[in-house]
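Visitor: Before I ask anything, let me first share the structure, which is written out below as structure tokens.
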Amino acid sequence: KRVVILSILGNSSNERFNSLQSIIGFFLESKQCPEVIVELVSHMGVSVSLGSIQNMIDSLHAKARKRLESMENCNTIWDNFDMDFATAQPTLEK
């Protein structure tokens, strides 16, 4: 509670003092929270605005794209690659 209160007070005195609000806004966006809730929480001072959240996402997207473009070409990219070599039925070796 104290951290949130201090963060809100700090943000009210300096608009660049918004680390906690940015984290909370990014969390709300990642959980696909409705815009009405994000606006309400933003108005209370607990989160950043919808525009700031969108700017964060755009910035992260641009940095990720730039990082991918700078990587060497690769043939295959695996995402959550999971191989299961279990056989359907146990076999007896001879």
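Visitor: Kindly list the residues of the stretch 18-58 that lie in the label zone of residue 65, defined by a backbone N under 16 Å from the point 7 Å along the Cα-to-C-beta vector.
Guide: 54-58
Visitor: Once the piece of chain linking residue 30 and residue 3 is laid out straight, how much longer is it, given 0.36 nm per residue of separation minus the C-alpha distance between them? Let's see the in-between values first.
Guide: Working: separation 27, 0.36 × 27 = 9.72 nm, distance 2.20 nm.
Here the segment from residue 30 to residue 3 would lengthen by 7.5 nm.
Throughout, read-outs are computed from the coordinates displayed, never taken from laboratory work. Quantities reported herein were computed from a predicted structural model and do not represent experimental measurements. In this analysis, Cβ positions are derived from the backbone assuming ideal geometry, glycine residues included, and neighbour counts consider all displayed protein chains.
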